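Inspection log for the structure reproduced underneath, given as structure tokens.
Please treat every number below as a calculation from the coordinates, not as lab data. Small disclaimer: the values here were computed from a predicted structure and weren't measured. Note: ideal-geometry Cβ built from the backbone for every residue, glycine included; neighbour counts use all protein chains shown.
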Amino acid sequence: MNRKTEELYRQLQEDPFRKRTFTAAKMDEILRLAREQEIASKRGKPSRKLWVISAASIAFVILVILFVQHPWRDKDVGDGGEITAKPPVTTPEPVKPDISVELSRETGELRDQLPFDTEKIESISLLPGSSGQEITVPADRVYVFPQNLYNENLSLAKADVQVSGDQDVLIRIHMADAVYAIPYDVDSNTYKLGNARFYADDQVMLLMHGLFRPESALALVDRIMAQASKEMNENDTNIDESFLYERERFDIAGKDYNAWADITANDDSYSYSIPYYDFVAEKMGSVREFTDKGLIVLQGNLVFLKDTVGTTDGIKVGMTKDQVMTILGKPNLKLNTRWSYKLGDYLKFHLYLENDQVVFMSLTMP
């Protein structure tokens, strides 16, 4: 570019309105000179143009190669220009299907046929057969299932019931390297093992009602009793054995445990009866609710849910803690949710509490 042209370009870079000398004639001159320069460049050295194009092509190819091989290829550029690494692309491992618990025979102890070690269970979850989300069993209640499965006697617990299986809850037993599945029917309290049904124990039945029949009386009993057991295990609570209570003070409606057990054993007016396998006694039992009496018969435990009956001293459901303390004095065992009283050698009368009131009363086996 010659000096005259340089001067013209310098003037274009300045504000053309700053000087009045920048007239229309001056603009025409600039345009004319620009056209002359363009024509001159075309008539000049065509080989130089080809060389420039070839050099540009080679440079472009080099840039493409560098971009492909550069580590920035695996990074993202943020809004502010910063470079961040892209996460590596990984292929997820296929999910292993649950393993069904099958039986080679329907007799003997279940523990001899279990494909897993009950002492190495990591967690247990429950998957409803109908619509619903999977539930993780609370850590302090997980023991209920392995305890029952380990002690299950298939010969004694076999159930002769017809269950469709559509509403089965899948008990998913999580081990370190596998998940085992056992179907369970809440209404009949039965496991499906192989092609047969077997009764679970009363603790499994209570837990499953608490989770899947939350409005039932059994769910209430399970929730409060489970909380009392948790408090007993978590706290260093001592039983005060320095005093006893007279046995007659805790008769309910004039009857002790044995009298109530005899009456209910021959009473067919119960609202429902759910069988269970008692692995301690190695025999079948049943949980029954007498709705009109407000009574649930559990294994070795009579639960009174209504205020229509009371003790000899008038203790009944619905009373406050202060009222109970005024009538009976301090209990031998005092938890937040359970007060227990010693009759003879053992704690045999219990008040279960919630929101500062008695929710239900309990007489346990002598």
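Side notes on the structure shown:
- Estimated FRET transfer efficiency when R0 is 25 angstrom, pair Q357-M284 (beta carbons, to 0.05): 0.10
- For the stretch 148-156, Karplus couplings with θ = phi - 60° (6.51, -1.76, 1.60), whole Hz, Gly/Pro x: 6, 4, 5, 9, 5, 9, 4, 5, 8
- Among 311-322, 203-214, 290-301, 227-238, sorting by the average number of other beta carbon atoms lying within 10 angstrom of each residue, highest first, gives 203-214, 290-301, 311-322, 227-238.
- The Rg/Rh ratio for the stretch 185-248 is 1.19, where Rg is the radius of gyration of the alpha carbons and Rh is the Kirkwood radius.
- Rg/Rh (Cα only; Kirkwood hydrodynamic radius) as it applies to the stretch 243-355: 0.98
- Label point at K120 placed 7 Å out along Cα→Cβ; residues across the stretch 158-187 whose backbone nitrogen lies under 12 Å: 175-178
- Two-decimal Rg/Rh across the stretch 145-215, once Rg and the Kirkwood Rh are taken from alpha-carbon atoms: 0.95
- D_trans [Stokes-Einstein, Kirkwood Rh over alpha-carbon pairs] for the stretch 99-200, 4 °C, 1.567 mPa s, µm² s⁻¹: 93
- 3J(HN,Hα) along the stretch 176-192: 5, 10, 6, 10, 9, 10, 10, x, 9, 9, 5, 5, 9, 6, 10, 8, 10 Hz, from the Karplus curve 6.51 cos²θ - 1.76 cosθ + 1.60 with θ = phi - 60°, whole Hz, x for Gly and Pro.
- Placing dummy labels 7 Å off each Cα toward the beta-carbon, the span from K230 to N336 is 0.9 nm.
- Amide H contacts of L298 (H built 1.01 Å from N, under 5 Å, at least 5 apart or other chain): V303
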